[in-house]
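Heads up, the thing below is written out as structure tokens.
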Amino acid sequence: MTEWYEESFGEDYLLVYKHRDAQGAAHEVQKMASWLRLPAGAKVLDLCCGMGRHSLALSEAGYHVTGIDLSDVLLREARQLDQDKAVTWIASDMRHLPVEDNEFDAVLNLFTSFGYFTRDEEHIKVLQQIYRVLKPDGQFIIDFLNPAYVEQNLVPESSREFEGQRIDERRKIENGYVKKEITITDLSGGETRHYNERVKLYTYDAFKSMVEEVGLYIEQVHGSYDDEKYDPETSPRMIFFGRRPAEQR
């Protein structure tokens, strides 16, 4: 059985999320760099890098960057944008990273690229991989949604037209997941396509527990990329900043 994330991050994803721009990524990378305080030339992994907006901004900021994603389509876009071939792009499942132990000074997992699986054990595998590939005292940033904010601000339905296509999105919270159904209709009479997205709604305490279970620890939690202090009820994001302990497990 094909998982939703194997179907949804294809050509139509480029259409649905075309509004995400490089300027926003540059602002977010600037803020993350101020939190990480890494030296020039530090090795950074952008885990679930998508089209590479953040990977390229990180490279421009002076880091040696590796971008990993499961989607061949999104990696194709990333390579096309990377005209200087500055970033190392790798296709891989986030639960099984084809990189060496202790390789990176920092690992970034951005814009809710977490919570895709049905079992907690699979999400813990991702955290174990982050621990493994980080150098001792290496840092991580995991940018996740805030469940309370999602529950209070969920837009059940929305529709828009773009490039001759109508994009209808329906959202709901069900059995501890936020789910999105996407229907794309070709307005010239072509085929209609359907996709699903699903992310588990981990609370702060549940997320912290999983992180600590694998040997990582959290130093700060930000509510946004504007240095907003995390508020459990009103912050749109939970941006976890932490590190692997300096001593080996």
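Just so it is clear, none of the values below were taken in a lab; they were calculated from the coordinates. All of these numbers come straight from a predicted model, not from anything done at the bench. Heads up, the Cβs are rebuilt from the backbone with ideal geometry, glycines too, and the neighbour counts pull from every protein chain shown.
Some points to look at:
- Radius 15 Å from Cβ of Ser209, net charge of other residues (Lys, Arg +1; Asp, Glu -1): -3
- Backbone N within the range 157-172 under 19 Å of label point (7 Å from Leu15 Cα along the Cβ vector): 158-171
- Computed E for Thr234/Arg171 - FRET, C-beta separation, R0 22 angstrom, nearest 0.05: 0.65
- Acute angle (nearest 10 degrees) that the helix 204-213 long axis makes with the longest principal axis of the chain, alpha-carbon atoms: 50 degrees
- Residues within the reach of a label modelled at Trp4 (point 7 angstrom out along Cα to beta-carbon, backbone nitrogen below 15 Å), restricted to the range 187-215, are 194-202.
- Relative contact order for the range 150-198: 27 percent, from Cα pairs under 8 Å spaced at least 6 residues apart, divided by residue count.
- Largest GNM mean-square fluctuation among Gly215, Gly176, Gly223, using the chain with Cα springs under 10 Å: Gly176.
- Note: relative contact order over the range 48-109, using C-alpha pairs below 8 Å and six or more positions apart, is 36 percent.
- Under the simplified labelling scheme, the His27-Asp72 pair shows an inter-label distance of 3.6 nm, with each label point 7 Å from Cα along Cα→Cβ.
- Given Lys172/Lys200; Lys31/Lys172; Lys172/Lys229; Lys208/Lys229; Lys31/Lys179; Lys18/Lys179, the pairs whose alpha carbons are separated by over 22 Å: Lys31/Lys172; Lys172/Lys229; Lys31/Lys179
- Relative contact order (%) - the range 103-249, alpha-carbon pairs under 8 angstrom, separation at least six: 28 percent
- FRET efficiency estimate (nearest 0.05) - Cβ-Cβ, Arg160 to Asp226, R0 30 angstrom: 0.70
- Label sites at Ala86 and Gln152, each approximated as a point 7 angstrom past Cα along Cα to Cβ, lie 3.9 nm apart.
- Computed from point charges on the beta carbon alone (+1 for Lys and Arg, -1 for Asp and Glu), the dipole magnitude for the chain about its Cα centre is near 300 Debye.
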